Structures are given as C-alpha cells and as structure tokens.
1. Of all accessible surface on the chain at a 1.4 Å probe, what whole percent is carbon and sulfur?
2. Using 7 Å Cα-to-Cβ label points, what is the A60/D402 separation (nm, one decimal)?
3. Just by accessible area at a 1.4 angstrom probe, what is the order of S300, S135 from largest to smallest?
4. Let me make sure I get this right: for the range 42-181, a, b and c are the square roots of the gyration tensor eigenvalues over alpha carbons, sorted descending. Under 1.5 in a/c it's rounded, otherwise prolate if a/b > b/c, else oblate. Which is it?
5. Go ahead and run the numbers for FRET between T504 and N575, Cβ-Cβ distance against an R0 of 25 Å, rounding to 0.05.
6. Quick one: if the Förster radius is 45 Å, what FRET efficiency do E256 and N179 give, using the C-beta to C-beta distance and rounding to 0.05?
7. Considering the values (i) 29.7, 109; (ii) 29.2, 101; (iii) 30.7, 118, which represents Rg and Dmax of the Cα atoms in Å as calculated for the structure under consideration?
8. Lysines within cross-link reach of K74: Cα-Cα under 18 Å, excluding same-chain residues under 8 positions apart?
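The values are calculated or read from the model by the stated rules, or taken from the named source; none is laboratory data. What you see is a predicted model; the values in this text were computed from it and never measured. Using ideal geometry, Cβ is built from the backbone for each residue, glycine included, and neighbour counts are taken over all protein chains shown. What goes into the accessible areas is simple: the full protein's heavy atoms, side chains included, and nothing from ligands, DNA or RNA. Shrake-Rupley method; radii C 1.70, N 1.55, O 1.52, S 1.80 Å.
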Amino acid sequence: MRNYIRFIAVLLLFEGLHTISVAQNNFTEEVEGVSFDMIYVPGGTFTLGCESNPCPANTAPVSGVKVSSYYIAKNEVTAQLWKAVMGSSSGLGGTSDITWYKAMEFACLLSTKTGKNYRMPTEAEWEYAAKKHLSSLEDIGKGEEWTYNSWNSTHMGGTDPLGPYSGRHTQKTRRDAQNTGDNITGRLIRSIDGIGPKLRLVISADTDFPPDYIPPCKLHPPVLGPEPENSYRDPRWITGSDSNWTGDFSTIRVWEDGTARLGSKNGQWFTSNNIAFVFVPASGDPVKFAYVLLDETQGSVISNAGFMRGGFFGRIFKEKADNLAKPAVANLKSGAELAAAAGDEYRMVDMENIPESARKQDERLIDGPGYGWSQKNVGSVHHYRKDVDRDEFRFTVNQMGDRTMLANGKWFTVGNTFLRVTHPDGYTCEYLYTVNEDGNFYHNSFQKYERADFRMFTKETNGPDFNDLCGDICSNDIPKGQPASVYAILPEGVSTFAPAPCPTGGCDVAVTNKQNNNKLPASLMQNVYYVHGPNGVSIHYELKSDCHVRLSVFDIQGKKIKTLSDGPLPAGTGNIPWNERNFNGGIVSPGLYVLAFEIVEKQYSMHLKFNRH
C-alpha cells in the first residue's frame, strides 16, 4: 500500500501538478520578525451572491460555484507586515493607501521571501471563507478589501471563477463592502489605480495558482512610452492585417495607408491631436472615439455615436487576430485631408501650450439653471454629480450625506474633445469627453487615481431626480467657490495627460471645413479646403475634369494680393501652395483673406474665406 501511494505521488508531479510544502492545516508565517496566521479552507461548492432579500446591488446569486482548497490570512495585512516586506510604509501611513498594483507587488515580494505563492483572493474565495469560516477570520466588517476580479455587474459560475479580463488593467472589485446592507455579499467597484481597500492574503493548497490567474510577479502598471509627434495619424493605432483593437464591441482594424475597418464596415481613419480617433465610413457619418492609451496595447475610448451606429465606451485591447486582407477603399485621402473635411474641431493644436484661439467652452456641457449632470449608480452607495456654468465647473462624488469635490474651477474645451478644469489654487484636472447623439455626457479621466476610467452622465432636473439617490446633498447645484479637491495634495491626484509635441515647424493653427458656398458646381470641383502649415497655406481641391483654373488671393477690401495659378490643371485631387507673400515677395499681414477659384472656360467661380494668423 505504501509503494502504491508513493507511485501516485510521483505520477502527479510528472504530469505537471504543483503542491506547496505546507500541511493542510493552519500555519503561522514569519517574515523579518513579523508573524501572521493562515487559515486552511477545504474546497467546496456554494452559492456565490445574495440568497435572501433585501440584497445589495449586483449580487444576483449563482449556484454550484466550486472553489479549490486554499489558505486565507486570519487578518488583513498590517502596517508592520507591510514594512517588513516592502522596507517602508505604504505611503501615507496605512495599508488602505495601496492600489491594486501595490498589493500585487507586496504579494510578489512576500512570495520571494517565503518561497510560497502568496496572492490576492478571488471574489469566490473571499466570499466562501466569509460565509463558511467567518469565526476563524478577523477584520471582517471593518473595511473594504481588494479582490482579484475585474468588475462585472454579475458573478461568473464554474470552478474557481475569475470573471472577465483576468489580470487586465480594468476597474476591480472590492469586498467587505461597507454600507451595502450586507457586507458579506455586498460588492463595489474601484479604479485599479485607486486607494482605499486593504489586502488579505491567500495561497492555493493544491496548485500554484487557480487556472488563468496571472501571478502577482507578472502584474505591473502599464507604462506608456514617449508621446508620438502630433499628426493626423497616430501610429499607435495601426494594427495591419494580423491584429485588431477589440473589447466589448465591434473590432477595429487600421492600416498605415489610411484604410480602416470598424466591425463589418470599411472606410478610412485619422486622428486629431493624439486624443481622438475618427473612423470615416465609405458611406454614412464619421464616428469619433476619444481615447486614452495606457500603453501600446490597451486603453479606453468613449464615442460620440450611439451603439446602433458603431459607438462604444470602455476598455480596448490590441490583440493578434485571424489575418484579414486589407480591404480596397476608393479615393484614399491623407489624414490632414480627412480632418479638414470633417471640420474645424479636428484641426491640429499645440496641446503643450494651448493657444487662446483654441480654448472654447462647449455649449453642450452647460447644464443651465435647475439642472445638473448625474451618474446615478442605482443600488450603489456613491453617486456623481456635475454642475457646469460658464464661470465654474464642479464635479463631486456623494455618499451617505457627504460630498467630496473631485474637480472645480475655471474650464475650457479644445476640439469638443479635451476638457481642462483649473482651481484658483492651481490644481488641474484633465479629461476627454463626448456628448453622444442621445445627449449623454461621457468623460475619460487622465487623473492618476483613475487613469482611463470613464463615467456616464445624463442631464437631470434638480430635486426628486437627485433626491432618491443621495438625499438633500444632491438635490441642488453644487455650491460655487469651494476649496480644491482633496486629491490636490495627494500623489495620486495629478493629471497624467501627456500632450503630443508639435512637428518641426510647429502645429497647424487652423484647418478649415470645405466651403462650396456659391456658383462653382460640385460637378466641376469638390472638396475644396485649405490647411495652415509651417511653410504657409496649402489649398486642396478635386477637379472632375481637365480645366483651366485661375486661383487668386484677395484682401477683405477686394484688392488682389497674388495669383497662385492661371493655367490648365488635370482632373483629380491636387493642392496649390501659398507662402503667404504678395506680388512683391513681402509677407502679408495677419487678417482675413479670400481665395478665389475660377474655372475660366466655364465662367464659374468660388470664394473661400480664411484667416492668416
């Protein structure tokens, strides 16, 4: 019998299973003179979630969930244990000052010191221990704790479930959720870069890690390389034929020559100031995605279009995919041409030193008297409100009668995409935003404590629409003139926005929309627009047939400044440069000028006004 048992043990090791060198009972670990207790939890099957009303939000029960045997710490990680492992305190004086990544770094270093695979518990492991072994655990009910799982509004069943996006940079779940009605099944969302939850350690008893669990030593915050030069084609979007951008939406494929495919639609693409990706379909309206990249392979986007038109908000990932031959798209244009045709909001701007001419206040954000922007978070314990007036922007999170300021102060927007809010004390918050066709106000954050996290707001009337969420504190406008956000003094409070540097010669200061505003018919000439560049102005056009074209520049009083073209031009697209000099070679003064196109043999003309900056 003993020989048989030895034979089975050798066979299991040969097949690649791993076991830890700890007996299957409680044990005490000691690190640098600091000890902590680990409780053995035999595996079993249970119902994950709330089984009897009233239930917290997002806790619908899933039966038949199985957890494998594991060990769980009797207590949350203490400040003493943290310092013994990390060599210093967690930051601001307590172990609730740690992000999800910091917790993983701690587990990695502890594993290195002890030779055991310490890690963060999954939601199923945390809840199973709290339901079945509560008497053996301490600190339950005293504060929230990190779990491994990415946030999802519903539980996943099966064996050792991890939920979607294992190990990815997404919002995570916090357990022992206070003020939810039932802290054992209650669960809340938290930014992966946020602080607040503490850490309770676990070790698998039968294997190194649960299936598909990414080991802590392999989990690190994403790092974005140097910001590419400002252009109309951010190269980080390019996938080629063997990759795509994906998420909980249709995939996007992008080719270097300007070809793009969104879901099953073919088209073209351009970017604006490295913050907006625009898909231009062969037919139909363009779709804009304001984007925050975390590294070369992941980020998040918010769209100006509804879901039925290819819109989406959420995390995106660049992944290998089945090879797709680049589709044939007719009449490919440059990124600058597409941006000019799309409108002035897409013009290139010096985002490092944003000029006053580019600083606007998007009228769609101003909510008006008696209204506010609300993210309701129905069933949760915290809610968000924004009030946007011309003289001040206010943004708060509200919970249990308390209001916490997140951003407030003077504000401006750039290109209906970028939003900056600056408090009189100098604290600055920066976001990307869209207002979609349904009137919803989305934003994507650059703040370090919530990098690439997005929020969704609807405009609501003051009073009952807010009262049923968080009481009187939400019923009226957020008061003006309040102190800066508490994040103003925290390292996590800084903006991570990295403006794209201008190309050599400077950023374009203006790109006009095309203007077919008088006699020249589209059957002869189309897509007329100009682009300001470092060497002057480039006037773009598309001729439908060979024509004699005369192009002249006039000042606003009608005096001819210079003739740029007077002769035959072939059919097709082309451009005519102007170095902003007059007949005598002198630089013209800043001001308003008129470009006059004439198709001589047809006696048609077209005037296009522009500003020389």
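1. On the way: 13360 of 26730 Å².
Heavy-atom surface of the chain belonging to carbon and sulfur, 1.4 Å probe: 50 percent.
2. Once both label points are built, they end up 3.2 nm from each other.
3. S135, S300
4. Prolate, since a/c reaches 1.5 and a/b exceeds b/c.
5. Working: r = 20 Å, r/R0 = 0.79.
Once rounded, the FRET efficiency stands at 0.80.
6. After rounding, the FRET efficiency stands at 0.30.
7. Computing Rg and Dmax of the Cα atoms in Å and matching it to (i) 29.7, 109; (ii) 29.2, 101; (iii) 30.7, 118 gives (i).
8. K116, K131, K132, K142, K198
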